Each structure stands twice: as C-alpha cells, then as structure tokens.
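What follows is a set of notes on a single structure, which appears directly below.
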Amino acid sequence: MEKNKKISTESYKGTRDFYPEDLAVQNFIFDRARQISENFGYEEYNTSVLEPTELYKAKSGDEIVNEQTYSFIDKGDRDVTLRPEMTPSIARMVAKKRRELTYPLRWFSIQNFFRYERPQKGRLREFWQLNADIFGVEGIEAEVEIISLGYEIMKALGAQDEDFVIKINYAGILKETYQTELNLDESEVKKALRIIDSKNKVSEEEYRQKYINDFGEDKGKQLFEIEQKITEKTKQNEKFQKCVELGKKLENKGIKTELDPLLTRGFDYYTGIVFEFFDTNPENKRALFGGGRYDDLLDLFDSEKIPAVGFGMGDVTIKDFLEVRSLLPKYQSKTELYLCTLSQKYSDNADQLATSLRKQNINVTVNYSDKKIGDQISVADKKKIPYVICIGGDEVQNKQYKLKNLKTGEEQEVTEESIADAIKQITE
Ligand code: HAM
C-alpha cells in the first residue's frame, strides 16, 4: 500500500456499522423476537459463522451456492464458507445428536449471515436473521405453530393485521405443472421460477421482458401469457389442498393468509408447505420472513429423516417495515445518571459516588472535563441521559444533592442513600 494513502472510513460494501442508535433499533427488533420465541417454548442455540462449503453444495439451491457465497480456501486447504443461512447448520446439529435430543425440538437463533448479492433496498451482503425451527412434527400443527410465532412477533413489533400479508404455497407444484403442461426441462423450469420470483419486485413490462430475454421472443411471450392458466392448474393439484387446510386453521386463530400458487422459494430443500410474510406497503417489496417444511434435509448426513418446519426473519426488511410506519423506538440511553462537577477537583468525589451507585444497579457516568456546568448538562442531554446531579463543595460537605430531570426540568432534593431509590421510582 502507498505509504501516505489514507484508509476509507466506509464499512465493507453491503455491510453496516451499528452506531449505538442503530444497535438500539436492532436490539429492539431481536429482543421482541427472542421474547416471543421463548414465549412459544423455543430454546436458543448458535453455530459458527464458518462452515465447510460442502454443507451448501448439496441442497441450498444453485443461486445461493454458485453466485452468492463467500467461500475461500483456508491455510489447511479446506474449502470454507461464511454461512449464507442457518438451515443446513441446524440440520447438521440435529443430525449429530439426533438420538440424544428430545422431540419435538423447538429451537431459535439470532445470527448474522453473508450473501454476495448486489446491495439494494432490503438486500445487503451481511444481514441478521431470527431463525425458528421445529423438528419432529409431521402434522400441519407444526406449520400452524411456526406461522403463529411469526405472526405474534409482528404484533409484538407493533404491526397491525393490515400491515403485512402471509403468503402460502406448496413447494414443487409449480415445477411439476411446468414440466407436465409445457414440457419445460429442468433448467428451463429453474429459469421460469426465477422470473416468477421477481414478479412483485419489477414493473409488469420489465417482468414480461424478463421472459423474452431468457426464453426468446416467441416462447417468452407464450410463457408470460400462460401464467394465469398455470396458476389455475397449480390450485387444482392435490398437494395444494394442504395449503387450503392450513389457511383455514390459521383463520380460526384470527390469522389471515393468502394462498399464492406463484410463491417460490430459493432453496431446493423444501418438501411441503412454504410461506413468506410481506409488507403491504409497496415501497418494501422484499419478504420479511421466509420458510417452510423440509422433511428430507437430514438425508445430507446419512441420518434418519426428521420432519422439520421453520423460517428466517431478516433485520433489514423488518427495519424498513418499522420505519415506514414510524414504529421505530425513540433512542433512550441506558445510562440513567450523569454526574457533573463544578470543578475538576471534585472528580474523585464524583467517582466515589458513581462507584457506590453502580453497586446499587444505577448506570452512571461521570464528567472529567473542565467544561462549564451548562455545557456538561448539554452533553448529558445530547447523550439522552435522563438525570444529572452536579457536585461541588456544598454537596461534598453536606451529602445532599439536587437530582435534576432533564426532560421536565424538575429538581428533587436527595441524600446519598436515597439517590438510587429516587431514580428507580421515577423510571418505573
Ligand atoms: P430466505 O428467504 O433466504 O430463507 O431468508 C429469510 C429472510 O431473510 C428473508 O425474507 C429476508 O428478510 C432475509 N434476507 C435474506 N437474504 C437477505 C439479504 N441478502 N439481505 C437482507 N435480508 C435478507 C432462509 O434463509 C431459510 N434458511 C429460512 C428457513 C429457516 N427455512 C426454514 N428454516
């Protein structure tokens, strides 16, 4: 590198730095998600961000493995990948201890993932997901539970029913219909499904053009025009009746869904019902959640099959969802009290008081600067710290303090012993 060349302060393309205000939003989203997951009896687990590349080669779907993974050869000649999703990892963990684990197994995790995608609205190269999965339930109760869990998370984040829509389909029917009705071969089906996946993200004309680009003028137009017919055929498929049944069961619980024969998922491991949650605001076109049933994935590990259903909920689209509806929480510092000093000679006294208050579970920071009192108070205010106490000669001598609420401007006389209680009472 050139000796005097300065380094950019930008984070790596498609990733984010989380400044405290940003992390507070992220924590808000995932604290709620964790709370609801635990409320449904799900237990938290984790895996490493590094996985052997072969884990994704067999079943994740071509696009993910060939174009979207961050893969490299390590110093020991091993082919390694930064995890693009959690599902193969959880399947590996379950397969490894399948005899010791107790079923139904309900697990969740909140972790980051990496996909080499073109960064755009709702899509980044590093993102976080809540994954919730249930193993060991063959019946539709599993789908009902897992979708209810997603629904309750949306409600806990402040969403109204009309803010989002849950779309349901059955994996593989569309492919079957294309093969039997139109004689498309495997690679043509893949191309058609990819185009369908982009349906809601581009204009009608762009969408039609995609067919023509990929299939040529005649066949492209034909496929575009026949889509409605394909939809009808798909609805008649026997497997699709499972979606109808699920829709009814959820409806009985007050959860509305939409059956969508054109819903596609980007992974090859789904074996049954698949679903996605979408924002109803047209500004946010990409899915909030995606998931489905994958009963055969443990095959990868030469293990007996264990039925499984789960989903991933992404932070990027959820944040956009909350933002357009002004549902993001206001930033509030976790620090409750700022100790100002009339002069620097009181720093030690302030530090002693802080030490004692921290032992009483009050979050305190201390001024060490020689700024004027007014400026110290505005530092506290800017940092959104709700209370200040100023320490000078009188306070040190009499052990009597004025606790000031920066929001209301009110002041309260307190003794050293009563500070903690006074703050706790006000913040409760
Ligand atoms: P997925 O549909 O690829 O499914 O991702 C689930 C959610 O993660 C998406 O709906 C979206 O919110 C978010 N997401 C995915 N890719 C990105 C990205 N590049 N940038 C921002 N957000 C993104 C899965 O990952 C499955 N493994 C989910 C699953 C769990 N299926 C069964 N269990």
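Annotations for the structure displayed:
- Cα-Cα over 28 Å, subset of 97/235; 219/248; 319/384; 121/382; 167/334: 97/235; 219/248; 121/382; 167/334
- Between residue 334 and residue 397, the FRET efficiency from the beta-carbon distance, with R0 = 25 Å, is close to 0.20.
- Helix axis angle, 141-156 relative to the chain longest principal axis, alpha carbon, degrees: 40 degrees
- Nearest-ten-degree value, helix 315-324 long axis tilted from longest Cα axis of the chain: 70 degrees
- The chain - Rg over Rh from alpha carbon coordinates, Kirkwood radius: 1.09
- Taking all protein chains into account, the per residue accessible area for the chain stands at 53 Å² (1.4 Å probe).
- Under 21 Å from residue 96, Cα to Cα: lysines that are on another chain or at least 8 residues apart: 57, 59, 305
- Charge dipole magnitude, Cβ of K and R +1, D and E -1 - the chain, Cα centre, debye nearest 20: 700 debye
- Candidates 392, 312, 290: whichever shows maximal mean-square fluctuation once the chain is modelled as a Gaussian network with Cα springs under 10 Å: 392
- Protein accessible area in the chain, 1.4 Å probe - carbon and sulfur %: 45 percent
- Listed by chain and number, the aspartates and glutamates whose alpha-carbon sits under 20 Å from that of residue 372, ignoring those within fewer than 8 places in the same chain, are 348, 351, 381, 394, 395, 411.
- Tail weight of P(r) past 20 Å, computed on alpha-carbon pairs of the stretch 337-427, percent: 25 percent
- For the stretch 234-313, the fraction of C-alpha pairs more than 16 angstrom apart is 61%.
- Fraction of antiparallel bridges per DSSP, the stretch 337-427 only, in percent to nearest 5: 50 percent
- Candidate aspartates and glutamates - alpha carbon under 17 Å from residue 221, same-chain residues fewer than 8 apart omitted: 181, 188, 204, 205, 206
The values are calculated or read from the model by the stated rules, or taken from the named source; none is laboratory data. Quick caveat, the model's predicted, so the values are computed rather than measured. Glycine gets a Cβ as well: all are built from the backbone with ideal geometry, and neighbour counts include every protein chain shown. Surface accessibility is based on the protein's heavy atoms, side chains included, excluding ligands, DNA and RNA. Shrake-Rupley method; radii C 1.70, N 1.55, O 1.52, S 1.80 Å.
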